[in-house]
1. Being under 21 Å from Gly133 (Cβ atoms), at pLDDT 95 or above, among the basic types (Lys, Arg) and not in a strand (DSSP E or B): is that true of Arg19 here?
2. Yes or no: Glu81 under 21 Å from Leu37 (Cβ atoms), modelled with pLDDT under 95, surrounded by fewer than 17 Cβ atoms within 10 Å (Cβ to Cβ) and not aliphatic (A, V, I, L, M)?
3. Could you please let me know if Leu74 is of a type outside the set (Val, Ile, Thr) and within 24 Å of Lys41 (Cα to Cα)?
4. Please go through segment 24-82 and give me each residue that is touching a residue at least 40 places away in the same chain (Cβ under 8 Å), closer than 18 Å to Phe119 by Cβ and either under 14 Å from the mean Cα position of the chain (by Cα) or in a strand (DSSP E or B) (or both), ordered by number.
5. Based on this model, can you work out whether Asn115 counts as free of Cβ contacts under 8 Å to residues at least 12 places away in the same chain, of a type in the set (S, T, N, Q) and not in a helix (DSSP H, G or I)?
6. Take Asn123 and tell me if it is among the polar types (S, T, N, Q) and farther than 18 Å from Phe7 by Cα.
7. Of everything in segment 1-11, what is hydrophobic (A, V, I, L, M, F, W, C) and either within 16 Å of the chain's Cα centre (by Cα) or surrounded by 15 or more Cβ atoms within 10 Å (Cβ to Cβ) (or both)? Give them in sequence order.
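The values are calculated or read from the model by the stated rules, or taken from the named source; none is laboratory data. All values reported here derive from a predicted model rather than from experimental measurement. Reconstructed Cβ throughout: ideal geometry from the backbone, glycine too, with neighbour counts over all protein chains shown.
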Amino acid sequence: MIITAPFVIERVYNAPASRVWKAITDKDDMKKWYFSLAEFKPQVGFEFQFTGGTEDKEFLHICKITEVIPGKRLTYSWRYEGYEGISYVTFELFDEAGKTRLRLTHAGLETFPMNHPDFAKANFEAGWTDIIGRSLKEFVEK
């Protein structure tokens, strides 16, 4: 297997880190900018799932929290029901004089089936760019 560089995106939000942390860890906030989760707790070992994809094809995402540093860092595994591969999503928050820099890293994309067009790295790049660059920004800055 070829290990590829993870996808990394950074954005600065005109919002305090506490607001951004709540947005990425509170299920009621998350459904307004991310996905609708039945339950979510920022605790190592907590498992959650959600459905996402296109109108043509939806995928059950199965996730488990692997690291929590309150207010600073959250990591969870990300895999798909019925498909091989496991990846890891990490949110890191940096306080910058009342604003917050968020770095999202999605590592392990190369473990997903390479011949499946829905798992192309470009799809993750487009999805995260919209989610982190637009949806989350609009939510925390409103």
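1. Values: under 21 Å from Gly133 (Cβ atoms): yes; at pLDDT 95 or above: yes; among the basic types (Lys, Arg): yes; not in a strand (DSSP E or B): yes.
Taking the combined requirement at face value, the residue satisfies it.
2. Answer is no for this residue.
3. So Leu74 passes the test.
4. Once the filter is applied, which keeps residues that are touching a residue at least 40 places away in the same chain (Cβ under 8 Å), closer than 18 Å to Phe119 by Cβ and either under 14 Å from the mean Cα position of the chain (by Cα) or in a strand (DSSP E or B) (or both), segment 24-82 yields Gly53, Phe59.
5. Yes.
6. In short, no.
7. The answer is Phe7, Val8, Ile9.
A quick yes/no check of all residues on (1) at pLDDT below 95; (2) touching a Cys at 6+ places or on another chain (Cβ under 9 Å); (3) closer than 20 Å to Phe124 by Cα; (4) surrounded by 17 or more Cβ atoms within 10 Å (Cβ to Cβ):
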{"residue": "Lys57", "(1), (2), (3), (4)": "yes, no, yes, no"}
{"residue": "Gly71", "(1), (2), (3), (4)": "no, no, no, no"}
{"residue": "Ser87", "(1), (2), (3), (4)": "no, no, yes, yes"}
{"residue": "Phe94", "(1), (2), (3), (4)": "no, no, no, no"}
{"residue": "Lys99", "(1), (2), (3), (4)": "no, no, no, no"}
